[in-house]
Amino acid sequence: MMSEPLILGIETSCDETGVGIVRGTTLLADAVASSVEQHARFGGVVPEVASRAHLEAMVPTIDRACNEAGIKLDDVDAIAVTAGPGLAGALLVGVAAAKTLALALNKPIYGVNHLAAHVCVDQLEHGPLSEPSIALLVSGGHSSLLLVPDVTQDVIQLGQTIDDAAGEAFDKIARVLGLPFPGGPYIDAAAKEGNPEAISFPRGLTTPKDLAKHRFDVSFSGLKTAVARWVEQEQRTGNSVMVNDVAASFQEAVVDVLTRKAIDACLSNDVGTLVIGGGVAANSRLRVVAQQRCTEHGINLRIPSPGLCTDNGAMVAALGSELVKRGRSASQLTFAMDSSMNVTTVVA
Ligand code: KG4
Ligand code: ZN
(Lines give C-alpha, C1' and ligand atoms only; values in the text may rest on other atoms or scores of the structure.)
(Ligands and ions follow the chains in the order given, each with its own letter.)
Protein backbone atom coordinates (compact mmCIF):
# COMPACT_ATOMS: atom_id res chain seq x y z
CA MET A 1 0.00 0.00 0.00
CA MET A 2 1.29 3.44 -0.89
CA SER A 3 1.69 5.60 2.20
CA GLU A 4 -0.69 8.53 2.55
CA PRO A 5 0.46 11.98 1.42
CA LEU A 6 2.60 14.10 3.72
CA ILE A 7 1.30 17.66 4.05
CA LEU A 8 2.90 20.71 5.64
CA GLY A 9 0.46 23.44 6.75
CA ILE A 10 1.26 27.06 7.57
CA GLU A 11 -1.00 29.38 9.56
CA THR A 12 -0.37 33.10 10.11
CA SER A 13 -3.82 34.72 10.01
CA CYS A 14 -3.61 36.34 13.44
CA ASP A 15 -0.98 36.19 16.19
CA GLU A 16 0.04 32.52 16.02
CA THR A 17 2.76 31.33 13.66
CA GLY A 18 1.72 27.71 13.21
CA VAL A 19 3.42 24.97 11.23
CA GLY A 20 1.79 21.55 11.26
CA ILE A 21 2.66 18.32 9.51
CA VAL A 22 0.21 15.49 8.91
CA ARG A 23 0.28 12.22 7.02
CA GLY A 24 -3.28 11.44 5.96
CA THR A 25 -5.17 12.18 9.16
CA THR A 26 -2.23 11.40 11.45
CA LEU A 27 -0.76 14.42 13.21
CA LEU A 28 3.05 14.30 13.13
CA ALA A 29 3.95 17.81 14.30
CA ASP A 30 2.21 20.95 15.51
CA ALA A 31 4.71 23.75 16.16
CA VAL A 32 3.24 27.07 17.26
CA ALA A 33 4.99 30.35 18.13
CA SER A 34 2.62 32.95 19.57
CA SER A 35 3.19 36.70 19.74
CA VAL A 36 0.33 37.10 22.22
CA GLU A 37 2.62 38.44 24.94
CA GLN A 38 3.71 41.31 22.69
CA HIS A 39 0.05 42.36 22.30
CA ALA A 40 -1.03 41.96 25.92
CA ARG A 41 -0.24 45.50 27.00
CA PHE A 42 -2.36 46.87 24.12
CA GLY A 43 -5.35 44.74 25.11
CA GLY A 44 -5.69 43.38 21.56
CA VAL A 45 -3.65 42.11 18.62
CA VAL A 46 -1.63 44.87 16.92
CA PRO A 47 -1.44 43.86 13.22
CA GLU A 48 2.00 45.30 12.47
CA VAL A 49 3.50 43.68 15.55
CA ALA A 50 1.93 40.36 14.56
CA SER A 51 3.37 40.55 11.00
CA ARG A 52 6.86 41.27 12.29
CA ALA A 53 6.63 38.40 14.77
CA HIS A 54 5.55 35.99 11.99
CA LEU A 55 8.58 37.00 9.93
CA GLU A 56 10.92 36.25 12.81
CA ALA A 57 9.22 33.02 13.83
CA MET A 58 8.59 31.46 10.41
CA VAL A 59 11.87 29.67 9.65
CA PRO A 60 12.52 28.45 13.22
CA THR A 61 8.93 27.17 13.46
CA ILE A 62 9.22 25.28 10.15
CA ASP A 63 12.47 23.74 11.41
CA ARG A 64 10.88 22.78 14.70
CA ALA A 65 7.93 21.11 12.97
CA CYS A 66 10.21 19.11 10.64
CA ASN A 67 12.32 17.94 13.58
CA GLU A 68 9.24 17.00 15.58
CA ALA A 69 7.86 14.99 12.66
CA GLY A 70 11.27 13.51 11.81
CA ILE A 71 11.02 14.53 8.16
CA LYS A 72 12.98 16.60 5.65
CA LEU A 73 11.21 19.39 3.77
CA ASP A 74 11.79 17.50 0.54
CA ASP A 75 9.68 14.57 1.83
CA VAL A 76 6.56 16.76 1.80
CA ASP A 77 3.99 16.03 -0.93
CA ALA A 78 2.10 19.34 -0.78
CA ILE A 79 2.07 22.66 1.05
CA ALA A 80 -1.09 24.18 2.50
CA VAL A 81 -1.34 27.71 3.85
CA THR A 82 -4.08 29.95 5.23
CA ALA A 83 -5.05 32.33 2.41
CA GLY A 84 -7.72 34.10 4.51
CA PRO A 85 -9.65 35.44 6.26
CA GLY A 86 -7.37 37.24 8.70
CA LEU A 87 -5.01 40.17 9.12
CA ALA A 88 -3.63 41.15 5.69
CA GLY A 89 -0.02 41.72 6.71
CA ALA A 90 0.04 38.56 8.81
CA LEU A 91 -1.46 36.43 6.03
CA LEU A 92 1.09 37.81 3.56
CA VAL A 93 3.99 36.41 5.56
CA GLY A 94 2.58 32.88 5.65
CA VAL A 95 1.54 32.92 2.00
CA ALA A 96 4.96 34.22 0.89
CA ALA A 97 6.72 31.53 2.94
CA ALA A 98 4.45 28.79 1.55
CA LYS A 99 4.92 29.93 -2.04
CA THR A 100 8.67 30.00 -1.57
CA LEU A 101 8.63 26.43 -0.29
CA ALA A 102 6.30 25.26 -3.06
CA LEU A 103 8.50 26.82 -5.72
CA ALA A 104 11.81 25.67 -4.25
CA LEU A 105 10.59 22.12 -3.61
CA ASN A 106 8.44 21.97 -6.74
CA LYS A 107 5.34 20.85 -4.81
CA PRO A 108 1.67 21.81 -5.22
CA ILE A 109 0.32 24.56 -2.98
CA TYR A 110 -3.19 24.92 -1.53
CA GLY A 111 -4.19 28.40 -0.28
CA VAL A 112 -7.00 27.46 2.08
CA ASN A 113 -9.80 29.03 4.08
CA HIS A 114 -8.99 29.38 7.77
CA LEU A 115 -12.59 28.62 8.82
CA ALA A 116 -12.79 25.35 6.88
CA ALA A 117 -9.44 24.41 8.45
CA HIS A 118 -10.90 24.98 11.96
CA VAL A 119 -13.61 22.43 11.06
CA CYS A 120 -11.34 19.91 9.34
CA VAL A 121 -8.79 19.67 12.18
CA ASP A 122 -11.25 17.57 14.16
CA GLN A 123 -10.53 14.68 11.78
CA LEU A 124 -7.07 14.36 13.28
CA GLU A 125 -8.63 13.32 16.59
CA HIS A 126 -12.09 11.95 15.93
CA GLY A 127 -11.98 10.32 12.50
CA PRO A 128 -13.74 11.29 9.27
CA LEU A 129 -16.26 14.14 9.54
CA SER A 130 -19.90 13.24 9.05
CA GLU A 131 -21.33 14.86 5.95
CA PRO A 132 -23.12 17.11 6.41
CA SER A 133 -22.07 18.51 9.78
CA ILE A 134 -22.97 21.77 11.49
CA ALA A 135 -19.94 23.77 12.66
CA LEU A 136 -19.87 26.45 15.31
CA LEU A 137 -16.65 28.46 15.03
CA VAL A 138 -15.97 30.86 17.86
CA SER A 139 -12.71 32.74 18.35
CA GLY A 140 -11.27 36.21 18.78
CA GLY A 141 -11.79 36.88 15.08
CA HIS A 142 -14.90 34.92 14.15
CA SER A 143 -18.27 33.63 15.26
CA SER A 144 -19.90 31.59 12.53
CA LEU A 145 -22.49 28.89 12.28
CA LEU A 146 -21.88 26.79 9.18
CA LEU A 147 -23.57 23.97 7.33
CA VAL A 148 -20.79 21.77 5.98
CA PRO A 149 -21.85 19.20 3.35
CA ASP A 150 -18.22 18.81 2.19
CA VAL A 151 -15.39 20.63 3.96
CA THR A 152 -13.25 20.57 0.78
CA GLN A 153 -15.73 22.35 -1.48
CA ASP A 154 -19.15 23.01 0.00
CA VAL A 155 -19.40 25.18 3.10
CA ILE A 156 -22.54 27.26 3.65
CA GLN A 157 -22.82 30.09 6.13
CA LEU A 158 -26.02 29.98 8.20
CA GLY A 159 -25.18 32.83 10.53
CA GLN A 160 -22.47 34.98 12.03
CA THR A 161 -21.95 37.71 14.58
CA ILE A 162 -23.49 41.04 13.68
CA ASP A 163 -20.99 42.88 15.91
CA ASP A 164 -18.22 41.41 18.10
CA ALA A 165 -16.75 37.94 17.77
CA ALA A 166 -17.39 35.72 20.81
CA GLY A 167 -13.72 35.76 21.88
CA GLU A 168 -13.61 39.52 21.48
CA ALA A 169 -16.52 39.77 23.94
CA PHE A 170 -14.57 37.62 26.43
CA ASP A 171 -11.50 39.81 25.96
CA LYS A 172 -13.42 43.07 26.41
CA ILE A 173 -15.30 41.91 29.50
CA ALA A 174 -12.06 40.66 31.02
CA ARG A 175 -10.72 44.17 30.60
CA VAL A 176 -13.77 45.64 32.33
CA LEU A 177 -13.16 43.21 35.20
CA GLY A 178 -9.44 44.02 35.39
CA LEU A 179 -8.35 40.58 34.13
CA PRO A 180 -5.39 40.14 31.71
CA PHE A 181 -5.47 39.70 27.91
CA PRO A 182 -6.50 37.42 26.29
CA GLY A 183 -9.43 37.32 28.67
CA GLY A 184 -11.14 34.05 27.75
CA PRO A 185 -9.08 31.72 29.93
CA TYR A 186 -9.19 34.16 32.89
CA ILE A 187 -12.98 34.54 32.68
CA ASP A 188 -13.26 30.76 32.40
CA ALA A 189 -11.18 30.34 35.58
CA ALA A 190 -12.97 33.13 37.52
CA ALA A 191 -16.36 31.74 36.49
CA LYS A 192 -15.54 28.40 38.11
CA GLU A 193 -15.61 30.21 41.47
CA GLY A 194 -18.78 32.21 40.69
CA ASN A 195 -22.52 31.76 40.43
CA PRO A 196 -23.75 31.72 36.79
CA GLU A 197 -27.24 32.71 37.97
CA ALA A 198 -26.11 35.64 40.12
CA ILE A 199 -26.97 38.21 37.46
CA SER A 200 -29.38 37.75 34.59
CA PHE A 201 -27.58 39.24 31.57
CA PRO A 202 -29.36 39.60 28.19
CA ARG A 203 -29.28 36.84 25.56
CA GLY A 204 -28.76 38.69 22.25
CA LEU A 205 -30.93 37.93 19.19
CA THR A 206 -33.17 35.42 20.91
CA THR A 207 -36.55 37.19 21.00
CA PRO A 208 -39.13 35.94 18.46
CA LYS A 209 -38.79 39.22 16.55
CA ASP A 210 -34.98 38.95 16.37
CA LEU A 211 -35.14 35.28 15.49
CA ALA A 212 -37.31 36.01 12.48
CA LYS A 213 -34.45 37.96 10.92
CA HIS A 214 -31.39 36.61 12.71
CA ARG A 215 -32.17 33.02 13.59
CA PHE A 216 -28.54 31.85 13.34
CA ASP A 217 -26.76 35.15 13.89
CA VAL A 218 -25.34 36.18 17.24
CA SER A 219 -24.69 39.56 18.84
CA PHE A 220 -22.64 40.36 21.91
CA SER A 221 -22.64 44.16 21.99
CA GLY A 222 -25.82 44.41 24.11
CA LEU A 223 -24.44 41.88 26.57
CA LYS A 224 -21.13 43.71 26.72
CA THR A 225 -22.86 47.01 27.48
CA ALA A 226 -25.07 45.37 30.11
CA VAL A 227 -22.04 43.90 31.91
CA ALA A 228 -20.12 47.20 31.76
CA ARG A 229 -23.14 49.12 33.12
CA TRP A 230 -23.61 46.61 35.91
CA VAL A 231 -19.97 46.91 36.95
CA GLU A 232 -20.10 50.74 36.82
CA GLN A 233 -23.27 50.76 38.90
CA GLU A 234 -21.70 48.56 41.57
CA GLN A 235 -18.61 50.76 41.68
CA ARG A 236 -20.73 53.91 41.91
CA THR A 237 -22.72 52.57 44.84
CA GLY A 238 -19.50 51.63 46.59
CA ASN A 239 -20.04 47.86 46.41
CA SER A 240 -17.05 45.70 45.63
CA VAL A 241 -17.57 44.02 42.25
CA MET A 242 -18.05 40.27 42.58
CA VAL A 243 -15.73 39.44 39.70
CA ASN A 244 -16.38 35.71 39.85
CA ASP A 245 -20.15 36.10 39.73
CA VAL A 246 -20.01 38.62 36.89
CA ALA A 247 -17.64 36.36 34.95
CA ALA A 248 -19.84 33.30 35.51
CA SER A 249 -23.07 35.14 34.60
CA PHE A 250 -21.53 36.71 31.49
CA GLN A 251 -20.08 33.38 30.37
CA GLU A 252 -23.43 31.68 30.95
CA ALA A 253 -25.17 34.17 28.67
CA VAL A 254 -22.64 33.62 25.86
CA VAL A 255 -22.68 29.83 26.22
CA ASP A 256 -26.48 29.70 26.41
CA VAL A 257 -26.95 31.61 23.15
CA LEU A 258 -24.19 29.83 21.23
CA THR A 259 -25.36 26.35 22.15
CA ARG A 260 -29.05 27.14 21.64
CA LYS A 261 -28.40 28.46 18.14
CA ALA A 262 -26.06 25.60 17.23
CA ILE A 263 -28.59 22.98 18.32
CA ASP A 264 -31.34 24.80 16.43
CA ALA A 265 -29.12 24.74 13.31
CA CYS A 266 -28.65 20.97 13.67
CA LEU A 267 -32.33 20.23 14.24
CA SER A 268 -33.70 22.52 11.54
CA ASN A 269 -31.24 21.18 8.94
CA ASP A 270 -31.71 17.59 10.08
CA VAL A 271 -27.98 17.24 10.80
CA GLY A 272 -26.81 14.84 13.49
CA THR A 273 -23.27 16.13 14.10
CA LEU A 274 -22.05 19.38 15.64
CA VAL A 275 -18.37 20.36 15.46
CA ILE A 276 -17.15 23.26 17.61
CA GLY A 277 -13.83 24.99 16.92
CA GLY A 278 -11.89 28.22 17.48
CA GLY A 279 -10.27 29.54 20.66
CA VAL A 280 -13.54 29.92 22.56
CA ALA A 281 -14.17 26.18 22.06
CA ALA A 282 -11.55 25.77 24.79
CA ASN A 283 -14.10 27.24 27.24
CA SER A 284 -14.91 24.65 29.87
CA ARG A 285 -18.51 25.75 30.38
CA LEU A 286 -19.21 25.79 26.63
CA ARG A 287 -17.94 22.22 26.41
CA VAL A 288 -20.17 21.05 29.27
CA VAL A 289 -23.38 22.80 28.15
CA ALA A 290 -22.87 21.82 24.50
CA GLN A 291 -22.48 18.19 25.56
CA GLN A 292 -25.61 18.31 27.76
CA ARG A 293 -27.76 19.86 25.05
CA CYS A 294 -26.41 17.60 22.28
CA THR A 295 -27.06 14.50 24.38
CA GLU A 296 -30.59 15.75 25.05
CA HIS A 297 -31.27 16.01 21.31
CA GLY A 298 -29.37 12.94 20.12
CA ILE A 299 -26.69 15.01 18.38
CA ASN A 300 -23.13 13.77 18.11
CA LEU A 301 -20.79 16.48 19.46
CA ARG A 302 -17.16 16.76 18.33
CA ILE A 303 -14.75 19.29 19.83
CA PRO A 304 -11.00 19.05 19.21
CA SER A 305 -8.76 19.17 22.27
CA PRO A 306 -8.08 22.78 23.31
CA GLY A 307 -4.63 22.98 21.64
CA LEU A 308 -6.18 22.20 18.25
CA CYS A 309 -9.10 24.63 18.81
CA THR A 310 -6.86 27.69 18.90
CA ASP A 311 -5.05 28.73 15.72
CA ASN A 312 -2.37 26.28 14.61
CA GLY A 313 -0.69 24.86 11.51
CA ALA A 314 -2.03 21.33 11.99
CA MET A 315 -5.54 22.48 11.06
CA VAL A 316 -4.25 23.88 7.78
CA ALA A 317 -2.33 20.68 7.07
CA ALA A 318 -5.44 18.65 7.94
CA LEU A 319 -7.50 20.51 5.35
CA GLY A 320 -4.64 20.30 2.80
CA SER A 321 -4.53 16.57 3.34
CA GLU A 322 -8.27 16.17 2.78
CA LEU A 323 -8.05 18.27 -0.41
CA VAL A 324 -5.26 16.04 -1.74
CA LYS A 325 -7.13 12.88 -0.74
CA ARG A 326 -10.24 14.03 -2.59
CA GLY A 327 -8.29 15.07 -5.68
CA ARG A 328 -9.25 18.76 -5.47
CA SER A 329 -7.27 21.19 -7.65
CA ALA A 330 -4.32 22.99 -6.10
CA SER A 331 -4.06 26.80 -6.16
CA GLN A 332 -2.14 28.65 -8.84
CA LEU A 333 1.21 29.84 -7.51
CA THR A 334 -0.03 33.37 -8.26
CA PHE A 335 -2.99 33.18 -5.85
CA ALA A 336 -3.35 36.13 -3.49
CA MET A 337 -4.13 36.18 0.20
CA ASP A 338 -7.62 37.50 0.88
CA SER A 339 -8.12 39.11 4.28
CA SER A 340 -11.91 38.90 3.93
CA MET A 341 -12.04 35.52 2.17
CA ASN A 342 -15.61 34.27 2.04
CA VAL A 343 -16.28 31.05 3.92
CA THR A 344 -17.81 29.51 0.79
CA THR A 345 -14.39 29.63 -0.90
CA VAL A 346 -12.42 26.71 0.51
CA VAL A 347 -9.39 26.96 -1.81
CA ALA A 348 -8.03 30.21 -3.28
O1 KG4 B 1 -8.70 30.81 17.73
P2 KG4 B 1 -7.91 31.80 18.52
O3 KG4 B 1 -6.66 31.33 19.18
O4 KG4 B 1 -7.48 33.01 17.64
C5 KG4 B 1 -8.34 33.71 16.82
O6 KG4 B 1 -8.49 33.31 15.64
O7 KG4 B 1 -8.93 34.68 17.33
O8 KG4 B 1 -8.91 32.42 19.61
C9 KG4 B 1 -8.50 33.33 20.59
C10 KG4 B 1 -9.72 33.75 21.40
C11 KG4 B 1 -9.44 34.88 22.38
O12 KG4 B 1 -10.44 35.85 22.26
C13 KG4 B 1 -9.51 34.19 23.73
O14 KG4 B 1 -9.95 35.03 24.77
C15 KG4 B 1 -10.51 33.08 23.46
O16 KG4 B 1 -10.20 32.63 22.17
N17 KG4 B 1 -10.36 31.98 24.42
C18 KG4 B 1 -11.32 31.63 25.30
C19 KG4 B 1 -10.79 30.58 26.10
N20 KG4 B 1 -9.52 30.31 25.65
C21 KG4 B 1 -9.29 31.18 24.63
N22 KG4 B 1 -12.56 32.12 25.49
C23 KG4 B 1 -13.29 31.59 26.47
N24 KG4 B 1 -12.85 30.59 27.28
C25 KG4 B 1 -11.62 30.07 27.12
N26 KG4 B 1 -11.20 29.08 27.94
ZN1 ZN C 1 -9.02 30.97 14.08
**Request:** Quick one: how many lysine pairs does the chain have with C-alpha atoms less than 26 Å apart and a gap of 8 or more or different chains? Give me the count, please.
**Result:** 16
**Asked** Tell me, what ³J(HN,Hα) does each residue in region 198-211 have, in order and in whole Hz, if you take phi through Karplus 6.51 cos²θ - 1.76 cosθ + 1.60 with θ = phi - 60° and put x for Gly and Pro?
**Response** 4, 10, 8, 8, x, 9, x, 6, 10, 6, x, 5, 5, 5
**Message:** Sequence gap at least 6, Cα distance under 8 Å: using those rules, report the relative contact order of region 129-306 to the nearest whole percent.
**Reply:** 27 percent
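Among 304-314, 219-229, how do they line up from the highest to the lowest mean number of other beta-carbon atoms within 10 Å? Mind showing how you got there, number by number?
Values: 304-314: 22.9, 219-229: 18.1.
Averaged packing, sorted descending, gives the order 304-314, 219-229.
Highest mean first, how do 201-209, 169-177, 148-156 rank when packing is the count of other Cβ atoms within 10 Å averaged over residues?
Top of the packing list down: 169-177, 148-156, 201-209.
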**Request:** For Gly278, enumerate residues with amide H under 5 Å from its amide H, sequence gap 5+ or separate chain, H modeled in the peptide plane.
**Result:** Val138
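If you take all C-alpha pairs in region 129-306, what percent of them are over 24 Å apart?
In whole percent, the share of Cα-Cα pairs in region 129-306 beyond 24 Å is 34.
Would you please name the GluC sites (Glu not before Pro) within region 20-110 that are DSSP coil residues with at most 14 other C-beta atoms within 10 Å of their C-beta? Intermediate values should be presented prior to the final figure.
Numbers: sites: Glu37, Glu48, Glu56, Glu68; in loops: none.
In loop regions of region 20-110 (DSSP not H, G, I, E or B), there are no sparsely surrounded GluC sites (Glu not before Pro).
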**Item:** Pairwise centroid distance, computed over Cα atoms, of region 1-56 with region 274-315, Å
**Value:** 20 Å
**Prompt:** For the modelled label position 7 Å from the Cα of Ala336 along Cα-to-Cβ, which residues of region 94-118 have backbone nitrogen atoms closer than 19 Å?
**Reply:** 94-100, 110-114
**Request:** Keeping the other protein chains in place, figure out the carbon and sulfur percent of the accessible area of the chain, with a 1.4 Å probe.
**Result:** 51 percent
**Item:** Extension gain (nm, one decimal) between Arg41 and Lys325, 0.36 nm per residue minus Cα-Cα
**Value:** 97.9 nm
**Request:** Collect residues whose amide H, placed 1.01 Å from N in the peptide plane, falls under 5 Å from the amide H of Leu158; neighbours closer than 5 in sequence don't count.
**Result:** Leu145, Leu146, Leu147
**Complete:** Mean accessible area per residue over region 233-348 (1.4 angstrom probe, all protein chains present, square angstrom) is 40 Å²
**Request:** Using packing as a proxy for protection, rank 73-79, 162-168 so that the peptide with the highest average count of other Cβ atoms within 10 Å comes first.
**Result:** 162-168, 73-79
**Item:** Sites matching trypsin sites (Lys or Arg not before Pro) across region 249-348 that sit in DSSP coil, with at most 13 neighbouring C-beta atoms within 10 Å
**Value:** Arg326
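Can you list which of the DSSP-assigned H helices in the chain have a Cα extent of 27 Å or more along the long axis and an average Kyte-Doolittle score of at least -0.5?
Result, helices passing both filters: 47-69, 243-268.
The values are calculated or read from the model by the stated rules, or taken from the named source; none is laboratory data. Just so it is clear, the structure is predicted and the values come from calculations on it, not from any experiment. Please note: Cβ atoms are built from the backbone with ideal geometry, for glycine as well, and neighbour counts cover all protein chains shown. For accessibility, only protein heavy atoms count, side chains too; no ligands or nucleic acids. Shrake-Rupley method; radii C 1.70, N 1.55, O 1.52, S 1.80 Å.
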